[in-house]
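Peer 1: Just passing along the structure, written as structure tokens.
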Amino acid sequence: MNADERLPEHVARNRAHWDATADKWVASGERFWAQDEPTWGIWGVPESELHLLPDELEGRDVIELGCGTAYVSAWLARRGARPVGIDNSAKQLETARRLQAQHRLEFPLHLGNAEATPFPDASFDVAISEYGAAIWCDPYLWVPEAARLLRPGGELIFLGNGVLQMLTVPDLLTDGPSTDRLLRDQFGMHRFEWPDDDSVEFHISHGDMIRLLRGNGFEVIDLIEIQAPADATTSFEYTSPEWGRRWPSEEVWKTRKVR
Ligand SMILES: C[S@@+](CC[C@H](N)C(=O)[O-])C[C@H]1O[C@@H](n2cnc3c(N)ncnc32)[C@H](O)[C@@H]1O
């Protein structure tokens, strides 16, 4: 039996997908590693505007769940944190390791599933995900896992697609970006698969997310719905700057573990 057969079905599929597409993310990984100021999401909104990160990072243990090329961890390491990255794709981690060597910035990187990590209970102060576990892992598995990993008072911060984005984007990329019509139900939204793609994503409604977070001991500090800047452009086909000016194509959850 190979290692993939022991993975849950969606994790094995996403591993194959990310290993096959990792080459496409090398150039953006290189660009983001070279930046000092973090910028977030597809619109590249600067940290100075979004205030996504905790004020104090010096000496704090951070886990990046679905780190990809690990540029978020690099930004945090430069701000004094002690990051650890976990990702499901060996190919993505290959790029991350090469960029670590190039920038002389080493921190641990693990190959694994962010829904079931090998780390001890209460071993991190911050858990973060930008389009990693936030959209590729089942929230009913990865949010409890993040709660287990965090110390009391620890922060869980994650950025992914907005709910309206997921309800208005056509099934096929060839049918264009998100529309001004609701194309699918909100009730029951959870697992998403696309006819022209082999990957599996997860997106749940705001009400379900609040109940899930509270049920796992988190309080919600903020839900930031990101608006595309006036001069925004994007190479992603699933949304457009015009749409992103009117509706939140992305959102950030900032939460704290209170029990
Ligand atoms: C879009 S990248 C996120 C990294 C980076 N912030 C970015 O936006 O490029 C998505 C990453 O999630 C990883 N991923 C998917 N499923 C995962 C899982 N179950 N556990 C850990 N990582 C996972 C993929 O391998 C991929 O590297």
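Peer 1: For the stretch 55-206, with all protein chains present and a 1.4 Å probe, just round the carbon and sulfur fraction of the accessible area to a whole percent. Don't skip to the end; give the middle numbers.
Peer 2: Numbers: 3240 of 6250 Å².
Ligands and nucleic acids excluded, carbon and sulfur reach 52 percent.
Peer 1: Here's something else I'd like to know. Can you give me the Kirkwood hydrodynamic radius for the stretch 1-104, using every pair of distinct Cα atoms, in Å to one decimal? Working shown, then result.
Peer 2: Values: mean 1/r = 0.0678 Å⁻¹.
It is 14.7 Å.
Peer 1: With θ set to phi - 60° and the Karplus curve 6.51 cos²θ - 1.76 cosθ + 1.60, what are the ³J(HN,Hα) couplings of the stretch 240-251 in order, to the nearest whole Hz, using x for Gly and Pro?
Peer 2: Each residue of the stretch 240-251 in turn: 9, x, 4, 5, x, 6, 9, 9, x, 6, 9, 9 Hz.
Peer 1: Right, here's the next one. How big is the charge dipole of the stretch 139-256 about its Cα centre, in debye rounded to the nearest 20, if each Lys and Arg gets +1 on its Cβ and each Asp and Glu gets -1 on its Cβ? Can you show the working numbers first?
Peer 2: Details: 11 positive and 20 negative charges, 144 e Å.
Computed about the Cα centre, the dipole is about 680 debye.
Peer 1: So what's the Cα pair-distance distribution over the stretch 112-259, bin width 10 Å, in %?
Peer 2: 11, 40, 32, 16, 2
Peer 1: Determine the dipole magnitude for the stretch 1-123: charges of +1 sit on the beta-carbon of Lys and Arg, -1 on that of Asp and Glu, nothing else is charged, the reference point is the Cα centre, and the result goes in debye to the nearest 20.
Peer 2: Values: 13 positive and 20 negative charges, 81 e Å.
Taking the Cα centre of the stretch 1-123 as origin, the dipole is about 380 debye.
Peer 1: Hey, another quick one. Over the chain, average the accessible area per residue using a 1.4 Å probe and give it in Å², no decimals.
Peer 2: 46
Peer 1: Treating cross-link reach as a plain straight distance, find the aspartates and glutamates whose alpha-carbon is under 12 Å from the alpha-carbon of residue 91, omitting any fewer than eight places away in the same chain.
Peer 2: The reachable aspartates and glutamates, counting only those whose Cα sits under 12 Å from residue 91, are 19, 23.
Peer 1: Same structure, new question: Want the number for residue 116 to residue 191: 0.36 nm per residue separation, take away the alpha-carbon distance, what's left?
Peer 2: Contour length minus the Cα-Cα distance gives 25.2 nm.
Peer 1: Kirkwood hydrodynamic radius of the stretch 44-126 from all distinct Cα pairs, in Å? Numbers along the way, then the final one.
Peer 2: On the way: mean 1/r = 0.0755 Å⁻¹.
Averaging 1/r across every pair of different Cα atoms and inverting gives 13.2 Å.
Peer 1: Taking the C-alpha atoms of the stretch 162-219, how large are the radius of gyration and the largest Cα-Cα span, Dmax, in Å?
Peer 2: According to the Cα coordinates of the stretch 162-219, Rg and Dmax are 13.2, 41 Å.
Peer 1: Once Lys and Arg get +1 and Asp and Glu get -1 on their Cβ, which of 27, 50, 40 lies farthest toward the positive end of the dipole of the stretch 7-61?
Peer 2: Farthest towards the positive end: 27.
Peer 1: Still on this model: Taking the Cα centre of the chain as the origin, how large is its charge dipole in debye, to the nearest 20, when only Lys and Arg (+1) and Asp and Glu (-1) carry charge on their Cβ atoms? Spell out each step's value before the answer.
Peer 2: Numbers: 26 positive and 43 negative charges, 133 e Å.
Its charge dipole is roughly 640 debye.
Peer 1: Dividing the convex hull volume of the Cα atoms of the stretch 153-192 by its residue count, what figure in Å³ per residue is obtained? Numbers along the way, then the final one.
Peer 2: Numbers: hull volume 4.1 nm³, N = 40.
Each residue corresponds to 103 Å³ of Cα convex hull volume.
Peer 1: Where in the stretch 181-217 does the label zone of residue 21 land, with the point 7 angstrom along Cα→C-beta and an amide N cut-off under 15 Å?
Peer 2: 192-203
Peer 1: Sorting check: for 218-228, 157-167, which peptide has the highest mean count of neighbouring beta carbons within 10 Å, and how do the rest follow? Walk me through the intermediate numbers first.
Peer 2: On the way: 218-228: 16.7, 157-167: 22.1.
Output ranking for 218-228, 157-167: 157-167, 218-228.
Peer 1: Can I ask one more? Loop only per DSSP, at most 13 neighbouring Cβ atoms within 10 Å: give me the GluC sites (Glu not before Pro) in the stretch 86-118, ordered by residue number. Please report the intermediate quantities before stating the final value.
Peer 2: Working: sites: 94, 106, 115; in loops: 106, 115.
Hits after loop and neighbour filter: 106.
Peer 1: Once Lys and Arg get +1 and Asp and Glu get -1 on their Cβ, which of 143, 99, 59 lies farthest toward the positive end of the dipole of the chain?
Peer 2: Of the options given, the answer is 59.
Peer 1: Taking 10 °C and 1.306 mPa s as the conditions, I'd like the Stokes-Einstein D for the chain in µm²/s, using the Kirkwood hydrodynamic radius from alpha carbon pairs.
Peer 2: On the way: Rh = 18.6 Å.
The calculation lands on 85 µm²/s.
Peer 1: Mean projection of the alpha-carbon convex hull of the stretch 97-173 over all orientations, in nm²?
Peer 2: Working: hull surface 29.3 nm².
Mean projected area of the Cα convex hull: 7.3 nm².
Peer 1: Starting from the amide H of residue 239, placed 1.01 Å from N in the peptide plane, find each other amide H under 5 Å away whose residue is 5 or more places distant or on another chain.
Peer 2: Sorted by chain and number, the residues that satisfy this are 178.
Peer 1: If we sort 72-80, 182-190, 147-155 on the protection proxy, mean other Cβ atoms within 10 Å, highest first, what's the order? Don't jump to the answer; show the numbers that get you there.
Peer 2: On the way: 72-80: 21.0, 182-190: 11.8, 147-155: 18.9.
Averaged packing, sorted descending, gives the order 72-80, 147-155, 182-190.
Peer 1: Follow-up. Roughly what would the spin-label model give for residue 242 and residue 34, points 7 Å off Cα along C-beta, in nm?
Peer 2: 3.3
The values are calculated or read from the model by the stated rules, or taken from the named source; none is laboratory data. As the structure is a computational prediction, the values presented were derived from the model and not from experiment. Backbone-built Cβ (ideal geometry, glycine too); neighbour counts: all protein chains shown. Surface areas here come from the heavy atoms of the whole protein model, side chains and all, with no ligands, DNA or RNA. Shrake-Rupley method; radii C 1.70, N 1.55, O 1.52, S 1.80 Å.
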